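This report concerns only the one structure given below.
The values are calculated or read from the model by the stated rules, or taken from the named source; none is laboratory data. Everything numeric here is computed off the predicted structure, so don't read it as measured data. So basically every Cβ, Gly included, is an ideal-geometry build from the backbone, and we count neighbours across all protein chains shown.
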Amino acid sequence: MEKRPEMKPWIREIHAYVPGKSRSASGRELIKLSANENPLGTSPAALEARRAAPGPDRYPDPDSTGLREEIAALHRLDPAQVICGTGSDELLNLAAQAFAGPGDEVLYVRYGFSVYDIAARRCGATPVVAPDTDYGTDIDALLNLVTDKTRVVFLANPNNPTGSFLPKSEIARLHAALPSDVLFVLDQAYAEYVPPEEDDGGLALAQTAENILVTRTFSKIYGLAGERLGWGTAAPHIIDALNRIRGPFNTSLTAQAAGLAALRDQDFVQRSREHNLAERARFVSALEALGNHGIRPLPSAANFVLILFEGALTAETVHEGLAERGYATRWLPGQGLPQGLRITIGASAHMQDIAAAIREMAEAAQ
Ligand code: PMP
């Protein structure tokens, strides 16, 4: 047989990212609660700015200058310490690529965001997975696995898919205990759902420490998942490394325009946060009432809840049952969680409908 290009052996090890679905097995369009998008949509001001953006015949600003300045102003950062990306996914990948390579280790916790595994492997590094403690992040277990080959540590706070959250003191403890030549990537994709007074201190840490990159996204609370826009902040030498390898025009004209307007509409962010807090609390308490059926919602600081099905009713059955009722949710056997179903907090009526449907299914399974 004729020779053909062979993918690198470390690329062969990668399982492609599996996105949250919006259709049932039969192809029916469902209400999508499988990708942690904002049920309130997008800020009207951001939609208007997106419409008014310059025509697509022009390249966007390659450095996302105005957007970086707005991000910096809102969060009191130095714009020189801010980088924008094609979603925060791009920045996670760039971080691994710039700071790890073959022979190096990239460390993260079990039940971490699935992109960390891809980011580690695609640069030829070895992923190392720390054990959890009852689905939560165990800082000591993570630190135990740091070796002199560890180059990057990924941690999402709040974490996806578990929803667990570490307070400021634990983030500071982890950072202080890591060797100073290990890059700590603190992924704050869901940080805006955390009440400001419970902030984990990551952004402040990234302004002074030499080895921490904090990433955020416009995909969740800002309702701009389709624009593919994220940002990160770190010491100048880290931003410099990421800038060297990012795509030259990595944020589009419409993403920059919509992102900027979205940042200025903090009322929308506040409404989204309040909706999430109220509906999540109501949904979790409805599920907690089903504890005798082996149903356990994990405490969540994010815009989704991971529900464990440890009794007669299985996560797979609920996943299918909810699809029949019109809802797409995220069943996670591929992430080692066949007992887990992750449901995004959606509209109030939908969450009440889902809680009632799960109760019905639990009673029928007895
Ligand atoms: N980090 C975490 C923890 C996430 O859950 C997600 C989205 N699923 C991302 C990063 C990436 O989001 P985006 O690329 O859309 O910014």
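Please give the number of the condition Val128 fails out of (1) farther than 28 Å from Ile343 by Cβ; (2) within 16 Å of the ligand (Cβ to nearest atom); (3) without any contact (Cβ under 8 Å) to a residue 24 or more places away in the chain.
Here Val128 clears every test but (2).
Please go through region 325-338 and give me each residue that is surrounded by fewer than 16 Cβ atoms within 10 Å (Cβ to Cβ), touching a helix residue (DSSP H, G or I) at 6+ places or on another chain (Cβ under 9 Å) and either assigned to a helix (DSSP H, G or I) or hydrophobic (A, V, I, L, M, F, W, C) (or both), ordered by number.
Across region 325-338, the qualifying residue is only Pro333.
Quick one: would you say Gly163 is buried (at least 24 other Cβ atoms within 10 Å of the Cβ) and either touching a Leu at 6+ places or on another chain (Cβ under 7 Å) or in a loop (DSSP other than H, G, I, E, B) (or both)?
For Gly163, the condition - buried (at least 24 other Cβ atoms within 10 Å of the Cβ) and either touching a Leu at 6+ places or on another chain (Cβ under 7 Å) or in a loop (DSSP other than H, G, I, E, B) (or both) - is met.
Here is a yes/no grid of residues against (1) among the β-branched types (Val, Ile, Thr); (2) free of Cβ contacts under 8 Å to residues at least 60 places away in the same chain; (3) outside the structural domain of Asn250 (by the TED database); (4) surrounded by fewer than 17 Cβ atoms within 10 Å (Cβ to Cβ):
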position: Pro9; (1), (2), (3), (4): no, yes, yes, yes
position: Leu30; (1), (2), (3), (4): no, no, yes, no
position: Ala35; (1), (2), (3), (4): no, no, yes, no
position: Ala49; (1), (2), (3), (4): no, no, no, no
position: Arg58; (1), (2), (3), (4): no, no, no, yes
position: Leu67; (1), (2), (3), (4): no, no, no, no
position: Asp78; (1), (2), (3), (4): no, no, no, yes
position: Thr86; (1), (2), (3), (4): yes, no, no, no
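Kindly state which helices (runs of 4 or more DSSP H) lie completely within region 30-99 and contain at least 2 residues that are of a type outside the set (Gly, Ala, Ser) and within 16 Å of the ligand (Cβ to nearest atom).
So the answer is 65-75, 87-99.
Determine which single condition Pro297 fails, assuming it passes every other condition in (1) surrounded by 15 or more Cβ atoms within 10 Å (Cβ to Cβ); (2) under 25 Å from Ser26 (Cα atoms); (3) free of Cβ contacts under 8 Å to residues at least 24 places away in the same chain.
Among (1) surrounded by 15 or more Cβ atoms within 10 Å (Cβ to Cβ); (2) under 25 Å from Ser26 (Cα atoms); (3) free of Cβ contacts under 8 Å to residues at least 24 places away in the same chain, the lone unmet condition for Pro297 is (2).
Pull up region 182-201, narrow it to residues that are of a type outside the set (A, V, I, L, M) and within 15 Å of the chain's Cα centre (by Cα), then point me to the one that is nearest to the ligand (Cβ to nearest atom).
Among those that are of a type outside the set (A, V, I, L, M) and within 15 Å of the chain's Cα centre (by Cα), it is Asp187.
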